[in-house]
Amino acid sequence: MRNPLIRRIPRELASDWHKYLVIIVFMVLMIGLVSGMYVGHDSMLASIEKGKEELKLEDGSFELSQKASPELLADISTGKMADVRQYFLDKGMEEADAEVSEAIDKELDEQVRTAIEEGVRAQCEAYGITDEDMILAQIDEAVDENYESAIKEARESDEFISASEEAYKKAHDAVTEAVDDEWDEISEEYGLDDGKFKPVRVSVYEDFYRDESEDADSDGTQDATIRVFRSDTLIDQASFNEGRAPKTGSEIAIDRMHADNLGIRMGDAITVGGKEFTVVGLLSYVHYLTLHESNTDLMFDAFGFDVGMVTPEAFDLLRARIHYNYAFVYENEPADKIEQADTSENFLKALITQTLVYDNEIKSYLPEYLRQASNFAPSDIEGDSSATSILCYILIAVIAFIFAITISNTIDKESSVIGTLRASGYSKRELAVHYMSMPVVVTLIGAVIGNALGYTAFRGVAVSLYYESYSLPACHLVWSPTALVKTTVIPLVLMFFINLFVIVRKLQLSPLQFLRHDLSKTRHSRARRIPAWSFLGRFRLRIMFQNMPNYVVLIFGVIFIELMMCFAFGLPDSLDHYGSRAPEMIFADYQYMLMGYKDSDGDVIETSESSAERFSAKTLLYPKETGSLRSGMGSGSDESVTVYGISPDSSYVDMPAGLPEKNVYLSSAFIEKFGLAPGDTITLHEEYENKTYEFTVYGTIDYEGGIAAFMDRDSFNTVFDRKPDEFSGYFSQNEITDIDEQDIAAVITADDISKVTSQLDHSLGGIINVMKYVLIVLAAALIYLLAKIIIERNERSISMVKILGFKNTEIGSLYIIPTAIVVVVCAIAGFAAGYFLMIEVFKVFMLQMDGYFAYYMSPASMILSVVYLLLGYLVVSVVDYIRIRRIPLNEALGNVE
Amino acid sequence: MNESFLEIRGLKKSFGSGEAKQEVLRGMDFTVKKGEFCVLLGPSGSGKSTLLNIIGGIDTPDSGYVSIGGDRLEDMSEKQLTLYRRKHLGYVFQMYNLIPNLNVKENIEVGAYLSDDPLDVEEVITTLGLQDHKYKYPNQLSGGQQQRVSIGRAVVKNPDILMCDEPTGALDYKTSKEILALIEDCNSKYGSTVIMVTHNEAIRYMADHVIKLRDGVVRHNDINEVKTPASELDW
């Protein structure tokens, strides 16, 4: 026989449908969202993984200052280190030999000429010739006649042979000594001789590009920088979301996300590097899933940066300088992350030595696993789903507690029935199973509907959210077993155990205790003393004490919601705040970084722009913990610090004069991000050399635009071993037009600062706003459920005080005001907790990223984040009041049933 | 009806401690035979409900023992006690304690579910005169009807002992007599031993065995040679 108690479940659901509807909708939304995120995420990651194979993603890339010779490429491919010592020896010997030989020739020439001259003069003297002109003529004649034979004779002399041998030996010894010294230094710097090196065989591919200006609407102003690649590249290829690869010199394919952001459509004409192209394809490059212009950018920029593909012929016709970028693929794929790092390090050693011996220079080196542009998106996608699922679990735990409290109240209410059933022979287990059924059934309903929505509607939402942010390839639905586990098994387990704990504890009482309504396990030996307030005040306090467990869950829920509110309000605020301060975050309207301070003719680069001011700059690294929140986000390496050398009396950087030697000012962003203070010592190091520089922090310069250190230009040139007149670029109020583009490495304007925020705003703005309103509804739903429980629990008392003659308004105030007080206090406390927690969370998150911006919340948002929650509560209070009015008088007089 | 089925020896029970200690049962001895209709009679505070609870295995004595069919309750674990109640006892309380969102038939089935050898639910409903109400919910029934359902829930298990704690305490005269008649019927029809706690002196006449309690001890332990049917009782 089936347990007849089962029939209570559907009836309970039907009789209290509004409560269960709220819970089920809540669960469906949460589970659906997480399921959608996971399905979307798994589908997206599957497409990305597939793309890596099919589109031949590199294992890393490096840029050289000049095009590599076939021999250099062949040697790099072997993965072996070049014999740098021998290279220096050969080079040194060659130079030394030339020098010694030149010195010997010079000496011999002088000696032979002197000997001939002396001979002629002696002869002239013997003949009594004194006319100097005649003597000189005689000397010239003698030199012409005897020089060759004299030289030959001298060279054959034993004396010459031994002297020149000695000279060569000395020179060679000096070279060997110098090379040995230098080699020791270099090998120590790069760890070339540490015995850990293993050759890493690679295939090297050309992946040259040019950074051209892009004018999307042909209005003559630059809209973005476009990195143009050739369509015939054999590595790092692109998939096409729409259209095809360019076939003629006037066709181009550009990034889908960028096109979307700028409203560029298929068939539109855009101007790239002054040349007009027709857009024939919208693509996603496998190594540019996010449009990070530089690997150290805080954020990608799908507005101001683009990647594009043109035919090789069109590529050759563009004018911006070619970046000699080479991509490589390991012949033997590293097995894991540790091996990945070792392999990359070994390859870098080989690369450094090979480029050195071929007189080339590495401009940049980036193993793929540290590449933000290909790792940021998958890592963010993964992070999003885990963040969402954690959120979901917290909410399900809250719901589970609400359920547990509801059931606990039901058990109290049904205590005589439970007593009777236990007296009749029902076991605790049977009753526990019975009371557990409802939460489990409701969770199952939520999970089934939620998953169904997850695979349909919500998956689309998640995928389109990713498409809004990233340059992802087209994706196809993949069944996600993780989604099923995380959205069904985990919520069920949570619901099951939280309820099991509460119910089993509750059912520990004896049948007799249930029959007697003697339900508290711990009996207060004395009544709780309460202050001598007014009767109603004391009554309210009693209500609060009676409903303590409900209030605990309410407090937890409200604090949690406030935390989320701080996130929902604070993130856009922080972005706005950072964005609005962008103009202040740049020293000059234009900051020109030059390729070198001299042009190709060796002349110092000058400008006629009157506001231009020279500065020096260098990028060093500041060590930081890489233990990550999310691997793949941020460049994964140490923090990149720009060290500036500022001209005296600068009109752009307000740096007081008289900075002591080895001292620097730090930007406020640097100080805040790493919690530094004046007097601290910082050690910065070069990226590809083992040089370190130690500085004392002298003070702060109010600059939030980046992680930077400042010193005067003279000290800069001394510290970094630069020539006294050397500089790196110009600050300027106006655009500089008289410097050749070939000599400009980069121009930084306020747009570059605000691109971070506009991108984040674009990616997150929509979802954050939705989140705000979802949270308000969530808050209201939570408070509704808990307030309902409080009133249900007190139905009999409410009915009794009605009988005694209390008015509905008085009863309302008795039961609603305590909850209101708790909600208001918790909302404010929760807000404070949330606010400070977010500041810390932001700091931790920023440590992982490159660059910095601080958490900020506007006063209006602070007020709103509390007011919204209270508005939610107000609605609930009205519902509560109606509910109290409807409680019938006979409730108190009726049977226990 | 000549074998002693329920045996109670030296049963003592007190509540509280120190000066507030109150002895409710002060050494109680009696036996009840199988199939007997036994009434525990006494005023408020005489210990009759406590005694019933101890017999029912939902309370424990300080000393003495209860033996049913040779099994002593004190030797039983909590699980065994639950099983004992499940297999041998049916409970009827003064308050009916029905499950509000189960109808009459289902409330009775709650009892049937516990038994390995339950009576036919429909037959019990008919016996209790509830056939017209079997799909009604408790809040649609009168007190008397609810108590019938409560009796049905206890009887349908076909229990060895039917424990009734003031079953007519909340009912009017007429309904009380009907309920008593029903219990009488069940006793004769299904052969269950009935132990009924009451303070109503009149009920003693319908019993086989009357145990009168006062101040925690048995004052009278009488066997009725002649029983009066419940329908003829008057008070």
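The values are calculated or read from the model by the stated rules, or taken from the named source; none is laboratory data. For clarity, every value in this text was computed on a predicted model and none was experimentally measured. No Cβ is skipped: glycine too gets one built from the backbone with ideal geometry, and neighbour counts run over all protein chains shown.
When A:Gln513 is tested against (1) exposed (fewer than 14 other Cβ atoms within 10 Å of the Cβ); (2) within 14 Å of chain B (Cβ to nearest Cβ); (3) in a helix (DSSP H, G or I), only condition (1) is not met.
Which condition number does A:Arg542 fail, the rest of (1) at pLDDT 80 or above; (2) assigned to a loop (DSSP other than H, G, I, E, B); (3) on the phi < 0 side of the Ramachandran plot being met? For A:Arg542, the failing item is (2).
A residue that is crowded, with 20+ Cβ neighbours inside 10 Å, of a type outside the set (S, T, N, Q) and outside any helix (DSSP H, G or I) occurs somewhere in the stretch A:575-586.
Of all residues in the stretch B:78-114, which are more than 10 Å from chain A (Cβ to nearest Cβ) and at pLDDT below 90? Working first, answer last.
Quick first cut of the stretch B:78-114, residues more than 10 Å from chain A (Cβ to nearest Cβ) only: B:80, B:94, B:104.
Across the stretch B:78-114, the qualifying residue is only B:Gln94.
So if I check each of A:Phe853, A:Phe842, A:Phe806, which one is outside any helix (DSSP H, G or I) and surrounded by 19 or more Cβ atoms within 10 Å (Cβ to Cβ)?
Details: A:Phe842 fails: outside any helix (DSSP H, G or I); A:Phe806 fails: surrounded by 19 or more Cβ atoms within 10 Å (Cβ to Cβ).
Matching residue, one of A:Phe853, A:Phe842, A:Phe806: A:Phe853.
State whether one or more residues within the stretch B:119-132 are in contact with an Asp or Glu (Cβ under 7 Å, 6 or more places away or on another chain), assigned to a helix (DSSP H, G or I), within 12 Å of chain A (Cβ to nearest Cβ) and at pLDDT 90 or above. Checked the stretch B:119-132: at least one residue is in contact with an Asp or Glu (Cβ under 7 Å, 6 or more places away or on another chain), assigned to a helix (DSSP H, G or I), within 12 Å of chain A (Cβ to nearest Cβ) and at pLDDT 90 or above. The single condition among (1) at pLDDT below 90; (2) hydrophobic (A, V, I, L, M, F, W, C); (3) farther than 23 Å from A:Asn3 by Cα; (4) surrounded by fewer than 21 Cβ atoms within 10 Å (Cβ to Cβ) that A:Val493 does not satisfy is (1).
Out of A:Ile390, A:Ile407, A:Ile411, report the one residue that is of a type in the set (A, V, I, L, M, F, W, C), surrounded by fewer than 23 Cβ atoms within 10 Å (Cβ to Cβ), within 28 Å of B:Gly90 (Cβ to Cβ) and away from chain B (no Cβ under 14 Å). Steps first, please.
Numbers: A:Ile390 fails: within 28 Å of B:Gly90 (Cβ to Cβ); A:Ile411 fails: away from chain B (no Cβ under 14 Å).
Going through A:Ile390, A:Ile407, A:Ile411 in turn, the sole match is A:Ile407.
Conditions tested, residue by residue: (1) among the basic types (Lys, Arg); (2) at pLDDT below 75; (3) in contact with a Cys (Cβ under 8 Å, 6 or more places away or on another chain).
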{"site": "A:Leu515", "(1), (2), (3)": "no, no, no"}
{"site": "A:Ser520", "(1), (2), (3)": "no, yes, no"}
{"site": "A:Arg528", "(1), (2), (3)": "yes, yes, no"}
{"site": "A:Asn547", "(1), (2), (3)": "no, no, no"}
{"site": "A:Val558", "(1), (2), (3)": "no, no, yes"}
{"site": "A:Met565", "(1), (2), (3)": "no, no, no"}
{"site": "A:Asp573", "(1), (2), (3)": "no, no, no"}
{"site": "A:Ala588", "(1), (2), (3)": "no, no, no"}
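The sole residue among A:Leu73, A:Leu21, A:Leu89, A:Leu5 that is within 14 Å of another protein chain (Cβ to nearest Cβ) and assigned to a helix (DSSP H, G or I) is A:Leu5. One residue alone among A:Pro378, A:Pro473 is under 21 Å from the mean Cα position of the chain (by Cα) and not in a helix (DSSP H, G or I), and that residue is A:Pro473. Which condition breaks for B:Ala202 when tested against (1) assigned to a helix (DSSP H, G or I); (2) within 10 Å of another protein chain (Cβ to nearest Cβ); (3) free of Cβ contacts under 8 Å to residues at least 40 places away in the same chain? Only one criterion in (1) assigned to a helix (DSSP H, G or I); (2) within 10 Å of another protein chain (Cβ to nearest Cβ); (3) free of Cβ contacts under 8 Å to residues at least 40 places away in the same chain is unmet by B:Ala202, namely (2).
Search the stretch B:164-200 for residues being of a type in the set (Lys, Arg) and within 16 Å of B:Gln145 (Cβ to Cβ), and hand back the single one that is modelled with the highest pLDDT. Show your work before the answer.
Our first condition is that a residue be of a type in the set (Lys, Arg); within the stretch B:164-200, this holds for B:174, B:177, B:189.
Filter once more, so that each one left must be within 16 Å of B:Gln145 (Cβ to Cβ): B:174, B:177.
Numbers: B:Lys174: 86, B:Lys177: 89.
That would be B:Lys177.
I'm checking my understanding of the structure. Among residues of the stretch A:347-373 that are polar (S, T, N, Q) and modelled with pLDDT of 90 or more, which one is surrounded by the fewest Cβ atoms within 10 Å (Cβ to Cβ)? The extreme case among them is A:Thr355.
Residue-wise test of (1) touching a Cys at 6+ places or on another chain (Cβ under 8 Å); (2) modelled with pLDDT under 85; (3) surrounded by fewer than 18 Cβ atoms within 10 Å (Cβ to Cβ).
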| residue | (1), (2), (3) |
| --- | --- |
| A:Ile671 | no, no, no |
| A:Ile682 | no, no, no |
| A:Tyr698 | no, no, no |
| A:Ser715 | no, no, no |
| A:Asp725 | no, no, yes |
| A:Ala746 | no, yes, yes |
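Suppose we filter B:Ser49, B:Ser44, B:Ser14 for residues that are among the polar types (S, T, N, Q) and surrounded by fewer than 14 Cβ atoms within 10 Å (Cβ to Cβ); which single one remains?
After applying the criteria, what remains is B:Ser44.
Report the residue count in the stretch B:54-65 for those that are within 14 Å of another protein chain (Cβ to nearest Cβ) and either part of a loop (DSSP other than H, G, I, E, B) or in contact (Cβ under 8 Å) with a residue 60 or more places away in the chain (or both). The number of residues fulfilling the criteria is 7. The requirement of being surrounded by fewer than 22 Cβ atoms within 10 Å (Cβ to Cβ) and out of contact with any Asp or Glu (no Cβ under 9 Å at 6 or more places or on another chain) is fulfilled nowhere in the stretch A:414-426; no residue meets it. Residues in the stretch A:417-472 that are within 21 Å of A:Ile23 (Cα to Cα), of a type in the set (Phe, Trp, Tyr) and within 14 Å of chain B (Cβ to nearest Cβ): 1 in all. (1) within 14 Å of chain A (Cβ to nearest Cβ); (2) touching an Asp or Glu at 6+ places or on another chain (Cβ under 7 Å); (3) surrounded by fewer than 21 Cβ atoms within 10 Å (Cβ to Cβ): which one isn't true of B:Pro138, the others all being true? That leaves (3) as the condition not met. I'm trying to understand the selection: among the residues of the stretch B:178-235, which are in contact with a strand residue (DSSP E or B) (Cβ under 6 Å, 6 or more places away or on another chain), charged (D, E, K, R) and within 22 Å of B:Tyr91 (Cα to Cα)? The answer is B:Arg204, B:Asp208, B:Lys212. Inspect the stretch B:212-225 for any residue being farther than 16 Å from B:Ile8 by Cβ, crowded, with 21+ Cβ neighbours inside 10 Å and more than 14 Å from the chain's Cα centre (by Cα) and give the result as yes or no. Among the residues of the stretch B:212-225, not one is farther than 16 Å from B:Ile8 by Cβ, crowded, with 21+ Cβ neighbours inside 10 Å and more than 14 Å from the chain's Cα centre (by Cα), which makes the answer no.
The rows are residues; the columns are (1) crowded, with 21+ Cβ neighbours inside 10 Å; (2) assigned to a loop (DSSP other than H, G, I, E, B).
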site	(1), (2)
B:Ser67	no, no
B:Glu74	no, no
B:Lys79	no, no
B:Thr82	yes, no
B:Asn97	yes, yes
B:Ile108	yes, no
B:Gly111	yes, no
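For the residues A:Ala224, A:Ala238, A:Ala216, the requirement of being crowded, with 21+ Cβ neighbours inside 10 Å, of a type in the set (A, V, I, L, M), touching a Leu at 6+ places or on another chain (Cβ under 6 Å) and closer than 30 Å to A:Asp59 by Cβ singles out A:Ala238.
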